[in-house]
1. Compute the Kirkwood hydrodynamic radius of region 146-271, taking the inverse of the mean of 1/r over all pairs of distinct Cα atoms, and give it in Å to one decimal.
2. Pull up the cross-link candidates among the aspartates and glutamates for LYS50, meaning alpha carbon to alpha carbon under 18 Å and not fewer than 8 places away within one chain.
3. Report, to two decimal places, the Cα Rg of region 126-201 normalised by 2.2 N^0.38 Å (N = number of residues).
4. First select every other residue whose beta carbon is under 14 angstrom from the beta carbon of LEU173; then total the charges, Lys and Arg +1, Asp and Glu -1.
5. Counting each DSSP H run of 4 or more residues in the chain as -39500 (n - 2.57), what helix-only mean residue ellipticity at 222 nm follows after dividing by all residues, to the nearest 500 deg cm²/dmol?
6. Run the accessible area of the chain with a 1.4 Å probe and give the carbon-and-sulfur part as a rounded percent.
7. So what's the convex hull volume per residue for the Cα atoms of region 230-271, in Å³?
8. Which whole DSSP H helices in the chain pass both tests: a Cα extent of 15 Å or more along the axis and a mean Kyte-Doolittle value no lower than 1.0?
Amino acid sequence: MSMITQPTLVRDHSLKLLSGSAKVWFLFAVAGQLIFVFHILHFYGGATIKGDLAVWNEILYHGIITGDTMGNVALGIHLLLAAIITLGGPIQLTPWVQKHMRRFHRRNGRVYVVTAIVISLSGLYMIFGRGAVGGPVMGAGNTLNALMIMVCAVMTMYFAMMGKLDVHRHWALRLYLVVSGVWFFRVGFGLWILIHQGAPGHTDTFDGPFDIFLAFGHTLIPVALLQLYFWVKEKGGPASRKTMTLGLVVLTALMAGGIFMATVIFWLPNS
């Protein structure tokens, strides 16, 4: 009997450790995103209420541009929806909401998907209508992010409608990560500064080696790590699960450092 149950016990223990480390990562991410949302609402929303939109240009490279009505509207929509979708994602992924508030979960999911698509389209309009900060390479990275958001949004809704909930959850998690790309960019930048006590590879025009790496990394790295997590959780053994658990603990610590630096450098001074 012990020869049969012992591997199962080890497997369940490694799964609990892996799931627990993922939940801790998620809690830290949500905390950091709430700080980001506060910054958006306080800085941009406060300036809007005061009627002083010119203040946006203090931290935006392509902010309010005189005569560019459509571009300015797209920017405003982009910023407003960024706050909404950053709040909506964690709510949508909370297990308690999924279990006890199913009708709200479905409705909020539709709003989340539509918002993701609209925010991507507004981002693409600004990239191709105003030009991307950092030039073609940075523009390509942001375009990739927008396209992946729209693909993940469509796939998330499609599998929900098909009733394939396990596949739906996987796509919903991918959507959450790519939607959070702007946030990951700032956290990654903060972590780089924390590690190096500076920003080697960065230029004021965002076309340095590190800028180019982060232009694509802020989208591709989180999705790749999530795919690895799926594989380890579903097909890996106890050893690989424990290794992944340790990796998530390290990633959480690094993310916490990036959140701290992004808060100190980018968000608090402009809130």
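1. Result for region 146-271 stands at 16.2 Å.
2. Result set, ordered by chain and number: GLU58.
3. Working: Rg = 16.1 Å, N = 76, 2.2 N^0.38 = 11.4 Å.
Here the answer is 1.41, to two decimals.
4. Numbers: positive: LYS23, ARG169, ARG174, LYS233; negative: ASP166, GLU234.
The answer is +2.
5. -27500 deg cm²/dmol
6. Accessible surface attributable to carbon and sulfur in the chain totals 72 percent.
7. It is 60 Å³ per residue.
8. 69-93, 135-161, 181-196, 238-262
The values are calculated or read from the model by the stated rules, or taken from the named source; none is laboratory data. Everything numeric in this text was worked out from a predicted model, so none of it was measured. Cβ atoms come from the backbone with ideal geometry, glycine included; neighbour counts cover every protein chain shown. Please note that ligands, DNA and RNA were not included when accessible areas were found on the heavy atoms of the full protein model with its side chains. Shrake-Rupley method; radii C 1.70, N 1.55, O 1.52, S 1.80 Å.
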